[in-house]
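One structure is given here, and the rest of the page talks about it.
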Amino acid sequence: MKKVIGMLSILGMSICSQSIMALCLGCSCSVNSNSVAFGTYNPIANVPSNTLGTITVTCQALISLLDAPYTISLSKGNGPAFNDRRMSAPNDPNALKYNLYTSPARTQIWGNGTGGTSSVRGQIAFLRLLQTVTVNHTIYGNIPTNQTAVKAGNYSDNINITISY
C-alpha cells in the first residue's frame, strides 16, 4: 500500500481599505491559519479524502464607528488554476490533486472570486472601545479518489491567504 501524506502550508497577508480605516481609529486586522493536513491518502480507496482547517481573522480597534466587513481570498497554490490545485512531492513528477472549499458540501471552490471561485466574506462587530475580536472560518479540503499515478511520499502546497478590509 502506498503511503501518501498531504499537507498545506498557508501564509497570510492583509490589505486594508482607506474608507474603512477613516471610520476606525487604531484599527488593524490580521489573518492566521493552521496547516490543512489530509493525513494518509489511499489512492485506490472508493471515498475521497476530506479534512478541515481553520483561518482565524483577528481585528483590533481603539475606536470604531461601524462594523468592519472583510473578505478572505485564497491563492491557487502550485496548480495552474483554482479548479486544479496540486500538491507536489520531491520524489514524484505526478501531482496529487486536491481542492479547498467554502462549505461542508465541498461544491464552491475557495479562491479569489474569479474563474468560478468564491471568496469568503465576514464582518467584525466592534461593541466597545479598545476591543479585539476574533472570528474563525473553516476550510473544507478534499482529495479526489483514484489518483493511482502518485508515488508514496509527503506532498505539500503553499496557499496565500489575503484578507481585505
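Tabulated values for the structure
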item: Single unsatisfied condition, ASN94 versus (1) part of a strand (DSSP E or B); (2) more than 12 Å from the chain's Cα centre (by Cα); (3) within 27 Å of SER28 (Cα to Cα); result: (3)
item: Number of the condition not met by LEU62 [criteria: (1) on the phi > 0 side of the Ramachandran plot; (2) more than 15 Å from the chain's Cα centre (by Cα)]; result: (1)
item: Odd one out for GLY77 among (1) assigned to a loop (DSSP other than H, G, I, E, B); (2) at negative phi; result: (2)
item: Cβ pairs under 9 Å, 6+ apart, first in the stretch 130-143 and modelled with pLDDT under 95, second not in a strand (DSSP E or B); result: LEU130/GLY26; LEU130/LEU62; GLN131/LEU62; VAL133/ALA125; VAL133/PHE126; VAL133/LEU127
item: Hits in the stretch 97-116 - residues which are in contact (Cβ under 8 Å) with a residue 40 or more places away in the chain and farther than 27 Å from CYS27 by Cα; result: LYS97, TYR98, ASN99, LEU100, TYR101, ARG106
item: Matching entry among GLY77, GLY115 (being closer than 13 Å to ILE139 by Cβ and not aliphatic (A, V, I, L, M)); result: GLY77
item: Subset of the stretch 97-118 that is out of contact with any Asp or Glu (no Cβ under 9 Å at 6 or more places or on another chain) and part of a strand (DSSP E or B) - its residue that is farthest from LEU52 (Cα to Cα); result: SER118
item: Top-ranked residue in the stretch 103-146 [being under 17 Å from ARG86 (Cα atoms) and aliphatic (A, V, I, L, M); ranked as surrounded by the fewest Cβ atoms within 10 Å (Cβ to Cβ)]; result: ILE109
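The values are calculated or read from the model by the stated rules, or taken from the named source; none is laboratory data. Nothing here was measured: the structure is a model prediction, and the numbers come from that model. Counting neighbours? That spans all protein chains shown, and the Cβs are built from the backbone with ideal geometry, glycine included.
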